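Here's the structure we're looking at; comments come further down.
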Amino acid sequence: MSIQFKRSTVVTFLGLALLAGVSVAPLQAKTPAPVAPPQVQYDYDMDIFHPVIAHNGMVATEQHLASAIGLDILKKGGNAVDAAVAIGFALAVALPNAGNLGGGGFMMVHDKDSGQTIALDFREMAPAKASRDMYLDEKGDVVAGRSLYTHLAVGVPGTVAGMEHALKKWGSMPLEQVIQPAIELAENGYIVSNSLAENLAATKESLGKWDTTKAIFFRDGEPLKAGDLLVQKDLAESMRLIAKEGADAFYKGKIADQIVAEMGKHDGLITKEDLANYKVVEREPVKGTYRGYEVVSMPPPSSGGIHVIQMLNMLEPHDLNVLGLNSSKTVTLVAEIMKRAYADRSEYLGDPDFSQVPQKGLTSKAYANSLANTISFDKVTPSKEILPGKPQPYESDQTTHYSVVDKDGNAVAVTYTLNLNFGSGIVAGESGILLNNEMDDFSAKPGVPNAFGLIGGDANAVEPAKRPLSSMTPTLVLKDGKPWLVTGSPGGARIITTVLQTILNSIDFGMNPAEAASTPRFHHQWLPDELRVEKGFSPDTLALLKEKGYDIALKPAMGRTQTIQVRDNVLYGYSDPRNPDGVTIGY
Ligand code: DON
């Protein structure tokens, strides 16, 4: 097993010599022709951060217990989907603030035999009784917290159906086998880490409202602390039922009864019919090209894939290597591009089963060129000149992403979530299952921001059976038709820009996954009109950006990627250092 750096092949890292003193033409005069990809070469001696290296299989998750479970499945002969499903259940136990059975998400599956990548949508659906104005009071104002911390916040969960679907369709092991390690982990318990303890403490108020939740996550009236043992007997029992009866236990059987009873006690909307009617959808991924690579990502109801490709299209005519990593010129170019993409997101994106999303138009190179033509290096376009809206603060960072590649070259990227930390904070009766607050990803009212400061309109209004718009962006970058990069991240609105920068760091700056993850990130989402930066940007760069007109905000770390890169059949992986619990392992 490989959990630490070993490296055999070494070449030369490029780019650094090019950074200084290069003058660049104004963007308006850009040539639409793509700049050729840099000859990506890696230099052991130049790299400060080094990836985990393996040859037969690799998993990268946000929790070491889940990584170990996934790797064990691979070693026992399971394929990437077997491991991904085992990890999906394991994270529901080991990372209860984001891993889940009571939430939903997306899975990208690359089947090496067919060369096809499928986008599996197991996003939550609005209950049949949901309605457009359900989060508004009599005056038509949004009621604070209703779409986040009440039973009305809960969308019909998709995770259990999604995991079962993936395993039946692409896995090779029985459900009982891949779920067993998670059952044991829930039954026997594990030691609460510092970060889980911090998350529990930070969410004390919303979790503490519900006796069913407190019974699991509190001791003597206080959230569990680092070093305590977290045992989840009810969750183990629910998973035993799922192992025996399949997803029907959740959607039609005892667990469905528990969820519906929970809703009945607190004016929630989810009925047995809603659960029985839940549908997993296989979707065609959204695809683009960037400097000779193929980018294959999650289509609507995620906005992520479309906007990553749209932004890459706008960047393709520019040589970022010449502009320089995180230089003021690069940050200006990318931030202006981010603003334009997020403005489009607010207008055009929603559940494609309910409204048409102009996917082709948004991802066309011609459209990208027309948008990029409005950008200048010298003068920042204020967001209000792009489209109007209202600013809102950022919120928590609790979704999770994991990546798996097996010995045959099958690759899986999963991002799934309860939405905010521990979702709604509500455990459904005796099921041990935390329920999501994904309904907040709908636009409660046009122009009013959600927890991530994102605004939307009709395309993302609440409707029965509709899926809320997501930013989750599990992504594969292919080279010569084979997975070259498998990545994704949590981070709400910041997921899309985190994935973008991971791709740019890997392709344009030739970084290994460890370097790519460890580079400081920035983010602009159009509204609020603020350039958000992590620590690590030089004061000189920030001064130049300020001069151009940016309102700069130093904010907490953004995103937590779990990335695996495949080069010459060798696997290089890394768990983002922004989460100390994340671990990449391979063999
Ligand atoms: O689907 C979405 O875009 C959000 N519900 C994701 C939430 C998230 O990433 C929370 N923070 N990391």
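The values are calculated or read from the model by the stated rules, or taken from the named source; none is laboratory data. These numbers come from a predicted model, not from an experiment. Please note: Cβ atoms are built from the backbone with ideal geometry, for glycine as well, and neighbour counts cover all protein chains shown. To get the accessible areas, we keep the full protein, side chains included, count just its heavy atoms, and leave off ligands, DNA and RNA. Shrake-Rupley method; radii C 1.70, N 1.55, O 1.52, S 1.80 Å.
Computed quantities for the displayed model
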quantity: Helix runs (DSSP H) in the chain reaching 27 Å along axis by Cα, Kyte-Doolittle at least -0.5; calculated: 328-348
quantity: Region 313-369: radius of gyration and largest Cα-Cα distance (Dmax), Å; calculated: 13.9, 43
quantity: Theoretical ellipticity at 222 nm over the chain - DSSP helices of four or more residues, -39500 (n - 2.57) apiece, nearest 500; calculated: -9500 deg cm²/dmol
quantity: Mean-position separation - Cα centroids, region 194-241 and region 518-586, in angstrom; calculated: 30 Å
quantity: Relative contact order, percent, region 418-543 [alpha-carbon distance under 8 Å, six or more residues apart]; calculated: 13 percent
quantity: Accessible surface of region 91-221 [probe 1.4 Å, protein heavy atoms]: carbon and sulfur percent; calculated: 48 percent
quantity: Prolate/oblate/rounded call for region 264-410, Cα gyration tensor, a/c under 1.5 rounded; calculated: prolate
quantity: Compactness of region 126-264 - radius of gyration and Dmax, Cα, Å; calculated: 17.8, 55
quantity: Accessible surface of region 334-492, 1.4 Å probe, proportion on carbon and sulfur as whole %; calculated: 52 percent
quantity: Separation between Cα centres of region 327-345 and region 135-184, rounded to whole Å; calculated: 33 Å
quantity: Cα-based Rg and Dmax for the chain, where Dmax is the largest Cα-Cα distance (Å); calculated: 22.5, 67
quantity: Relative contact order (%) - region 330-460, alpha-carbon pairs under 8 angstrom, separation at least six; calculated: 24 percent
quantity: Distance from region 440-504 to region 49-125 (C-alpha centre basis), Å; calculated: 19 Å
quantity: Per residue accessible area in Å² of the chain, where ligands, DNA and RNA are left out and the probe is 1.4 Å; calculated: 35 Å²
quantity: Taking the chain and dividing mean pair separation by its residue count, relative contact order in percent (alpha carbons under 8 Å, at least six apart); calculated: 25 percent
quantity: Spatially close lysines, pair count over region 169-320: Cα under 17 Å, gap of eight or more or interchain; calculated: 14
quantity: Volume per residue that the Cα convex hull of region 187-334 spans, once the total is divided by residue count, Å³; calculated: 217 Å³
quantity: Listed residues VAL308, TYR290, GLN116: farthest to the positive end of the dipole of the chain (Cβ charges); calculated: TYR290
quantity: Region 354-385: trypsin sites (Lys or Arg not before Pro) in DSSP coil with no more than 14 other Cβ atoms inside 10 Å; calculated: LYS379
